[in-house]
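Presented below is the structure to which this report refers.
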Amino acid sequence: MQNFDFVKPASVAEAVAALGTSGAQALSGGQTLIGSMKQNLAAPAVLVSLTGIAALKGVSVSGGVMSIGAATPHAEVAKASGFPGLSSLAGGIGDPAVRARGTIGGSLANNDPAACYPSAVLACGATVVTNRREIAADDYFQGMFTTALEDGEIITAVRFPIPERAAYAKFEQPASRFSLTGVFVAKYGAKVRVAVTGASNDGVFRWTDGEDALQASYDPAAVKGLKVSPDGLIADLHGTPAYRANLVAVMTARAVAAS
Amino acid sequence: MPKDFEAKTTGIGAPMKRREDIRFLTGRGVYTDDIKLAGQTYAVIVRSQVAHGRIKAIRTEAAAAMEGVLAIFTGEDFKDVGGNPAGWLIKSRNGEPMREPKRPVLAHGKVRHVGDAYAAVIAETYEQGRAAAQQLADDTDIEELPAIIDMKAAAADATNRVHDEIPDNLCYDWGWIEDNRAAVEEVFARAPHVTTLELVNNRLIPNAMEPRASIGEYFPGTGDYKLTTTSQNPHLTRLLVAAFVLGIPENKLTVVAPDVGGGFGSKIYHYGEEALVLAAAKRLGRPVRWTAERSESFLSDAHGRDHVTKIELACEKDGTFLAFRTETFANVGAYLSNFATVTPTFLHGTLMAGPYKVPHVYVNVKTVFTNTAPVDAYRGAGRPEATFSLERVVDQMCRELGLDAFEVRRKNFLTPDMFPYTTPVGLVYDTGNYQATLDKVIEMADVAGFESRRAASAAKGLLRGLGLSTWIEACGIAPSHLVGILGARVGLYDAATVRVNATGNISIMVGAHSHGQGHETVFAQVAADRLGVPESSIEIVHGDTSKIPFGMGSYGSRSLAVCGVAMTKAIDKIIAKGKKIAAHMLEASEADITFEAGKFAVAGTDKAKTFGEIAFSAYVPHNYPLETLEPGLEETAFYDPANFTYPAGAYLCEAEVDPETGKVTIEAFHCADDFGNVMNPMIVEGQVHGGVGQGIGQALLESTTYDETGQLLTGSYMDYAMPRASDVPFYNVDYSCQTPCTHNPLGVKGCGEAGAIGSPPAVVNAVIDALHRGGHTHIKHIDMPVSPQRVWAAING
């Protein structure tokens, strides 16, 4: 790890100013960034911690929407009430130490293709709120480690319309416990959205065949045996594209059963 | 814990809590990296990023000029000192000695694996050292050569060589026992049935919790050196550094292995970093310290296993074994680590008869150099590989012939009346009762109730199976006369000194080394039991060559069976001398003195002296037979046993397979072990738990994967899957079947490696059984680690 300066602003405005300095990098939990710095894969000159900004913290529910401050750690989302499917997802990220530090904003800004949160954001059609604008989930995720965020743009909150039924089913990569394939299913009346993380070279995506099948019949049996194309799915030590394609259908069925 | 053991609170057989745990669990242990010295400097190693390459130039000027840099070392600095030697000389089938390339302190001329150390920076601070090491790496020109990774390809390649002087990359081609080869071939030619399996015993990275670390010191006033290091055997390290590598007189070098956080074999060996910090400390006149980063541990600790084996079993149609035959390719990596040559040969081939009365066995092992990290002994060392091959092929044979896996083993077991028994692979088993442990494990596992548990799983869409492994090992690694015949270049006795202090408390200096096992508790228990004094009055001293007698450290489940016996022999001498002193003090004949419960008494009278009174008299000899007896009460004993010990047991794994995802869950794991006499059942259980955990890790999770260019793809915990608590079940452990070792006075056999030896085939057998019961009868075998994607691919293959 290289030496760096550390600042912990108290407001979004101060954070934006600090991020304007050369070599500055936002830090929001650091569960990816700190590890990368230890391996000398990242060497920012200035770390701008966002977790000291009170306005970015906390969970609230109002009018069928759960709003989560971007700097809220996973552990807090895990114990929130009002959206059990999301709390259960948060409670299954990493281990207790990760959940104590990692934040939803940090996870979404990083957009790791195997992170858990992106699947919930996309399946729920959540809104990513920044210091500049509101971004719809369908527009936010733009491929592996790529998002709609611009330079100097900071996520401030995420707003989830609470589904009538929802659940996350994750098949863990045996070593890292990231999702080898994780599926979030959200049902709003007749409409069902299915978002898959961990499986694709393009990051989180919606499985529309699964959505169609579940809109016709919201039942695990509706997606069991449904074929998923392995094209574009991740090939690594822990799973071939064909294996991940199988898991998309299997984990969708399990999420439906758990919802 | 069996009831008989719970009752005892003190002495041999009591489940005493580990005294060392207080300091370990409260952060008061002193590990090498905890030691801070005035004037200390930091070594940072520069490691090869390519698997194979010729070093063209190392331009040191820029790095040397960086802030805080004190010295730079390259292979050039060590080219005239000795190499780190292999501890065993193995001969090929044609009688030629093994090929033994020099293993230098720092690579010179060529780098041979990713992580191979070729330079080092010594700096005032770690950060400065690391920055300069990066500069040095940037300023090094290495011409990359084709990497030699696949063992069979390496052995078939006459031109591409890990070591330029070794054609076909072969260390040796070993046959055991070569004279039996023709007879075994004849049995196979006429056998009514032959079962064949091709198996991979996956390479493992040891992952001790504490990474390797070393501190070198040099004292110019006396010319003495001191090495503080993470070692399982400080005297062996001293011998290797002194006599082979640096040429320091042995009596000018002290090696201290303080608290050590796990080894599993990987810290038996001498590593180049140890010689480096000593040489650097002398050059700088300041202490030099080095602690591996976790990434360095992955790349440069000696790895384990890595065999590719074809095993054949010849038998009658009723399952009676006629012969085993194996051909194994064993990977030693780029250099020979200290025990690398014995692990795939004598620690493996001599176990290929298992606990069975099989008349014919022939083992062939071709050991190959590749551009990967060195491979050496890792918990079990050779014996897990032998057990895996045997127990997998036996299960497969039962499946092919429609025979019961329990009954086939029972039919082929050696029976208790057959001991001592000479196996066709050269060992003499002293005692055992394999039927008893098999019966025990069947009872423990409620095998009778399996069918209803299987049906319950099936109702949930899950496949349940049972996997058996009946294992044996040779441990208490010692007998010098035997290991000498087998090619060992050292003896493997052990030693202990018992020093009774004037005030009556006792310091016991042992050659064994504890790096998590609990010796400080168990050795004190045994000594207290023998001397009739409280455990709290006994201190166990280990790990410092300036304090302890010349012992050979801990590995191969040898501590109690070898060093523990040395200690009891030293205690016998103490008691004998105490009797002489007591006879004088009590004005009785020595022959009439008895020693019991810490008291020396005149038989048939109430005249007695306590142990403390005798000790005091030995050191304040006012009323003492000085004309015939030396004062003091301190004795040393060396012990070199007559044979290995042979723990054995039966393991049953019950596993569930999720056919949709391929995920395997261990539902239950039952161990019926025969360790002979048990000194501390709680510690024995802990050893079995840890060993089985590592075995489950090997069977289901741990994969060491190099790509074709020799990059380690599993070089961090993001990709190298270690078993976690949730991956293992609550173990069901029993050790009440006891056939005490016949040739050591404690009757102990050793328990440290058993779990890692017996468990992998039980797990894989359970998975294959579950798949067959689930109708997937086309699956003959799945290589370890039996990962979800492999199981799913097998089902859908």
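The values are calculated or read from the model by the stated rules, or taken from the named source; none is laboratory data. Here the structure is a predicted model, which means the values were calculated and not measured. When we count neighbours, we look across all protein chains shown, and the Cβ atoms used for this are built from the backbone with ideal geometry, even at glycine. These accessible areas exclude ligands, DNA and RNA; they are computed on the full protein's heavy atoms, side chains included. Shrake-Rupley method; radii C 1.70, N 1.55, O 1.52, S 1.80 Å.
General remarks:
- Any hit, the range A:225-239, residues being touching a residue at least 24 places away in the same chain (Cβ under 8 Å) and in a helix (DSSP H, G or I): no
- Filter result for B:ASP769 (open to solvent by less than 40 Å² (accessible area, probe 1.4 Å) and more than 14 Å from chain A (Cβ to nearest Cβ)): yes
- Condition met for B:ALA340 (without any contact (Cβ under 8 Å) to a residue 40 or more places away in the chain, open to solvent by less than 10 Å² (accessible area, probe 1.4 Å) and under 17 Å from the mean Cα position of the chain (by Cα)): no
- Pairs meeting the criteria (first residue in the range A:202-220 and within 19 Å of B:GLU660 (Cα to Cα), second residue surrounded by fewer than 20 Cβ atoms within 10 Å (Cβ to Cβ), beta carbons under 8 Å, at least 6 apart or on different chains) are A:GLY210/A:LEU226; A:PRO220/A:ALA257.
- Any hit, the range B:223-244, residues being open to solvent by 40 Å² or more (accessible area, probe 1.4 Å) and assigned to a loop (DSSP other than H, G, I, E, B): no
Residues are listed down the side, and each one gets a yes or a no for (1) more than 14 Å from every other protein chain (Cβ to nearest Cβ); (2) over 25 Å from B:LEU712 (Cβ atoms):
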position	(1), (2)
B:ILE90	yes, yes
B:LYS110	yes, no
B:ALA117	yes, no
B:ILE122	yes, yes
B:ALA131	no, no
B:GLU143	yes, no
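- B:ALA213 meets the conditions (1) of a type in the set (Gly, Ala, Ser); (2) farther than 15 Å from B:LEU276 by Cβ; (3) touching an Asp or Glu at 6+ places or on another chain (Cβ under 7 Å) in every case but one. The failed one is (2).
- Among residues of the range A:159-171, those that are open to solvent by 30 Å² or more (accessible area, probe 1.4 Å) and either at the interface with another protein chain (Cβ under 9 Å from one of its Cβ atoms) or in a loop (DSSP other than H, G, I, E, B) (or both), counted: 2
- Looking across the range B:642-661 at every residue that is within 14 Å of chain A (Cβ to nearest Cβ) and either open to solvent by 10 Å² or more (accessible area, probe 1.4 Å) or closer than 30 Å to B:PRO745 by Cα (or both), the one that is farthest from the chain's Cα centre (by Cα) is identified as B:GLU660.
- Subset of the range B:696-724 (residues that are facing chain A (nearest Cβ under 7 Å) and charged (D, E, K, R)): B:ASP719
- Only one entry of B:VAL678, B:VAL664 meets the criterion of being within 14 Å of chain A (Cβ to nearest Cβ) and open to solvent by less than 20 Å² (accessible area, probe 1.4 Å), and that entry is B:VAL664.
- Test: residue in the range B:371-394 that is touching a residue at least 12 places away in the same chain (Cβ under 8 Å), acidic (Asp, Glu) and either touching a Gly at 6+ places or on another chain (Cβ under 6 Å) or over 30 Å from B:LYS152 (Cβ atoms) (or both): no
- The range A:243-254: number of residues that are without any contact (Cβ under 8 Å) to a residue 60 or more places away in the chain and at the interface with chain B (Cβ under 8 Å from one of its Cβ atoms): 2
To keep it simple, each residue is scored yes or no on (1) in contact with a Gly (Cβ under 8 Å, 6 or more places away or on another chain); (2) more than 14 Å from every other protein chain (Cβ to nearest Cβ); (3) closer than 29 Å to A:GLY94 by Cα.
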{"residue": "A:ASN201", "(1), (2), (3)": "yes, yes, yes"}
{"residue": "A:SER217", "(1), (2), (3)": "no, yes, no"}
{"residue": "A:VAL223", "(1), (2), (3)": "yes, no, yes"}
{"residue": "A:LEU226", "(1), (2), (3)": "yes, no, no"}
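- Search result, residues across the range B:549-568 that are crowded, with 24+ Cβ neighbours inside 10 Å and either more than 22 Å from the chain's Cα centre (by Cα) or closer than 25 Å to B:ILE614 by Cβ (or both): B:GLY564, B:VAL565, B:ALA566, B:MET567
- Counting the residues of the range A:10-42 that are away from chain B (no Cβ under 14 Å) and not aliphatic (A, V, I, L, M) gives 10.
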